[in-house]
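In what follows, a single structure is set out as structure tokens and then discussed.
Each reported figure results from applying straightforward, stated rules to the coordinates on display, with no laboratory input. Predicted model only: the values in this text are computed from it and were never measured. In this analysis, Cβ positions are derived from the backbone assuming ideal geometry, glycine residues included, and neighbour counts consider all displayed protein chains.
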């Protein structure tokens, strides 16, 4: 029942493009509590003792089929430690942790290597559909056993003929003559944990429905044939199989959520998974930084450690910067999700609706973070191998495994191409259909900012950097508006232009997150001056590179739709806004690298 006093939300996904964000309104990683850090430490220790303790080469050779008993043994230990209950409410045996705490958990879990995928499926896509959409009866039956690991769970959406276009799935159910059970037939593929799962969240269409519904399917129902373990490039210790459903009887009460709402459910659960890919990516990048630094400090060539060479410092400094920026952005959004959840509860929403809609609100940011986090960790894994040279290609160091394991992050939870297009499509919907984003108001301020090349909101510490971010946002708005007016409905089919625009939007968000973090640290005066200096350098280095990305994406977009005088005018405007940023990138990167090298690990 809604409360009488409703408050109008200030927590609007995508609003970063228009609103000036007060540093006091954002969360930064330095503000995690001791309790949250203890959860991180528990997960970290489990990964180091139970997984790294086996030896890197042994882990690299683990196979989900051949080593099934070992995988299940680790799965059982994780359950006994309570690691599967991070997002399950306390009343059902879980921790009931905040969303941002769950992201921190995911960062630590990345040290679990391919086993992290097994745990990730259990705590995220395998169980959250029940947490978010389940009835009280469904939650009471399944969540306590998922929390302890008695039930292993998985998520069955993808089919041979439906991947990104999930709603084209052909799996179907019909109600039996008695009206007591749905009868499921169909096929699913790429099912994580499918080889040993006890329950499956299965998406299928009822009768001739146009849209998917979701069901909780127990292996014990019968009629489920489990295919052979897939032979994969990476995440080899993770079970991945096809599933074949042959007249599987599903009790009618096991319909999850509402009929034909399965597609929306899948999208919301994927939003959750997308941002977690970025959190895991942060952990993966830090792992790469530390492994690379340790090796570079002890590997001597020409009578000195290779960490003293500029080419190696470039790689270490760049990896550290990417870890810092992605960390700044992912926990900023995680905290916003938590605040939105509380706001919705305060305005009378049910707990389930609050969980669903707080996640849905930040679909744009989740898509951005999925792309940025996955591409950063893949780049870092590749560079970690390069730092190790020939040893990087050997299983002995573990970095080749990280390289293989990281690559899937650019594919699952929606490919990065799909997520770029999704981010822009969601922006257009909110800006021009639902009018949640005040685009017209923002567009009115752009001519003035071009003429004056000055934003009155930006002054003091990091003023120049804040101005650059404002200008990148303006470039996004100008090109988006111009391309939209010219191409109209055809724009959505010009995927290259859409992805260019998505990249401009993304670097604006990532850069702003890093700058706001540094500004807040400086204002609070609770940080060591040397640490503030290094973190400021990391934010500045990202902005330097973000400008290049924005310029290139803007040029590509303009060259792809404009011509003649319009093309000339657009490029002139972009050039006036995206001016040079006067820092020395080599020296900036070396300052960062020297701090990491001195600590012999990622120290922040």
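For residue 73 and residue 170, calculate 0.36 nm times their separation in residues minus their Cα-Cα distance, and state this gained length in nm to one decimal.
31.4 nm is the gain from fully extending residue 73 to residue 170.
May I ask you to list the residues of the range 160-192 whose amide nitrogen lies under 11 Å from a point 7 Å from Cα along the Cα→beta-carbon direction of residue 209?
So the set is 172-175.
With a/c under 1.5 counting as rounded, go ahead and sort the range 29-151 into rounded, prolate or oblate using the C-alpha gyration tensor (a ≥ b ≥ c being the square roots of the eigenvalues; past the cut-off, prolate if a/b is larger than b/c, else oblate).
oblate
Report the full-extension gain for the segment residue 464 to residue 90: residue separation times 0.36 nm, less the Cα-Cα distance, to one decimal in nm.
130.0 nm is the gain from fully extending residue 464 to residue 90.
Once label points are set 7 Å from the Cα along Cα→Cβ at both residue 308 and residue 559, what is their separation, rounded to one decimal in nm?
For residue 308 paired with residue 559, the spin-label model returns 4.3 nm.
In nm, give the distance between the simple-model label positions of residue 231 and residue 357, each being 7 Å from the Cα along the Cα-to-Cβ direction.
Once both label points are built, they end up 5.1 nm from each other.
Let's test the formula: R0 of 51 Å, r as the Cβ-Cβ distance of residue 583 and residue 415. What FRET efficiency results, to the nearest 0.05?
Given R0 = 51 Å and the Cβ-Cβ separation, E is 0.90.
Kindly put 430, 485 in sequence by how many other C-beta atoms sit within 10 Å of each C-beta, fewest to most.
Neighbour counts put them in this order, fewest first: 485, 430.
Using a Förster radius of 30 Å, what is the FRET efficiency between residue 140 and residue 180 based on their Cβ-Cβ separation? Nearest 0.05, please.
0.90
Per Stokes-Einstein, at 20 °C and 1.002 mPa s, what whole-number D in µm² s⁻¹ belongs to the chain, with the Kirkwood radius over Cα pairs as the hydrodynamic radius?
So the translational diffusion coefficient is about 85 µm²/s.
Averaging sequence separations of C-alpha pairs under 8 Å and six or more residues apart, then dividing by the length of the chain, give the relative contact order as a whole percent.
The normalised contact order for the chain reaches 16 percent.
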